[in-house]
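Undergrad: Got a structure for you, questions after.
Readers should treat all values here as calculations from the given coordinates under stated rules, not as data from a laboratory. All figures in this text were calculated on a predicted structure; none of them were measured in a lab. A quick note on method: Cβ atoms are made from the backbone with ideal geometry, for glycine too, and the neighbour counts reach across all protein chains shown.
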Amino acid sequence: MWNAAIVLLSCALLLAACAGVNGDYPEQVAMGDYWDTRLSFMQQIDVATLVDADSGRPAALSGFVSALAARGDDLYFIDAGAGKLVHVSLAAMTARTMVALRSATARGLYASRDGSVYVIDNYNRQVLRLDPSLGELDRYSLGHISGNPVDLTLIEGDRSLLVLDALDGRIAVLDLLGGLQQLIEPQYVDVTTVSSATAIDTSNGEIFLLDSGVDAVAGINLEGYAKGDYGGDDLQHVSAFAVDDCGRMFIADAYDGGLYVGVADMSLPGRRVKVPELDGKEIGDLWSDESFLYVATLADGIIALAVGPECML
C-alpha cells in the first residue's frame, strides 16, 4: 500500500511538471473554481524514517520540519532539530543533506523554477544559493538587515530576492549579485505597524506577509502600500500560508483539521476546506507546487495534498 502511494504521487508529480504551466504569469482562478476548491490527501512522508541516498542507512533526521519547498520530483525541507537542509527525491524516497545550518531559521527556504534552492544561514547572516547536484553556488550577505532575517522568497520574473526582517517587518530586496535594491516598509490596512512578521510570499507582482502578532495575512505592493488582508474574526491562530499559480491562497489557522482558502487579490471572503488528515496537527509551513500543496507538520512529517480544480486559462 505504501509503495503504491509513493508511485502514484511520483507519477502525478511528473505529469504535472510536464504540463507546462507558466509560473511567471500566474493565472487567476475563476470564481466558481475558487468556491469549489478541493484538497485531497495523497501521501504522508515520515521524515524521521527516510533513508540516506548515499549510504542506504537511516538519514539521522529529527523529523521536526520547520520549512519546506518543492519543484516537481524534488522536495526540500529544513530539519530544525538536526540543523540540516535536506533534499528528498520523491521518486526514490531517499534523502540527502545539502548543507548543515548551525542556527536554522523557522522558515527561510525557497526553491526556484531554475532548480536553485535558497536558504537563510542565520548564524553567518547570509543567504546560500545551492543546487541539489552541484552544492553551493553563491552566498549573499544579509548585512543590510540589522534585525532577525526570518524568511525569504524570490520574484521569479525579475530575479529579485526578498528577505523579511522579523524585528520590524521591513523587506530587503536584493539582486542576485547580493546588492541591495531597496528596503520596503509595509503599511497594513487595519494595523499601522507590523507586530510579528514571520513569513513572506509573492504572486503576480504582489507581496504577502504573515503577521502572527495579529493573526493576519496582508497583501502589499512593491512600494509597501496595503492591498488587502485576511484576518480579524475569520482567523484565530495563523501559522503558515501559500499562494498557488491560480491565485488561490491557502492559510493554516488553528488546529481545526482544515485550511482557510482565499484569493490572492483578497477581493473575496475566504472559506474553510476540511482536511481530516490535518485534524489536530500543528502546521509549520505550506508550499504550493503545480497541483499539489505540501504541508509541514511540526511532529507528523510532511503531508502532500492534491488541489483541485486545475488552473483555468
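Undergrad: Return CYS311, CYS246 ranked ascending by Cβ neighbour count within 10 Å, so the fewest neighbours appear first.
TA: Going from least to most buried by this count: CYS311, CYS246.
Undergrad: Can you tell which of GLY228, SER160, LEU176 lies farthest toward the positive end of the dipole of the stretch 127-261, using +1 and -1 charges on the Cβ of basic and acidic side chains (Lys, Arg; Asp, Glu)?
TA: So the residue furthest toward the plus end is LEU176.
Undergrad: Taking the mean number of other Cβ atoms within 10 Å as a proxy for protection, how do you rank 209-216, 278-285 from highest to lowest?
TA: 209-216, 278-285
Undergrad: For ILE200, what is the net charge nearby, where nearby means another residue's Cβ is under 9 Å from its Cβ and Lys, Arg count +1, Asp, Glu -1?
TA: Counting the neighbours of ILE200, the net charge comes to -1.
Undergrad: Determine, from the Cβ-Cβ distance of ASN148 and SER89 and an R0 of 22 Å, the FRET efficiency 1/(1 + (r/R0)^6), rounded to the nearest 0.05.
TA: 0.10
Undergrad: Something else: Label points 7 Å out from Cα along the Cβ direction at TYR225 and GLN181: separation in nm?
TA: Between TYR225 and GLN181, the simple spin-label model gives 1.9 nm.
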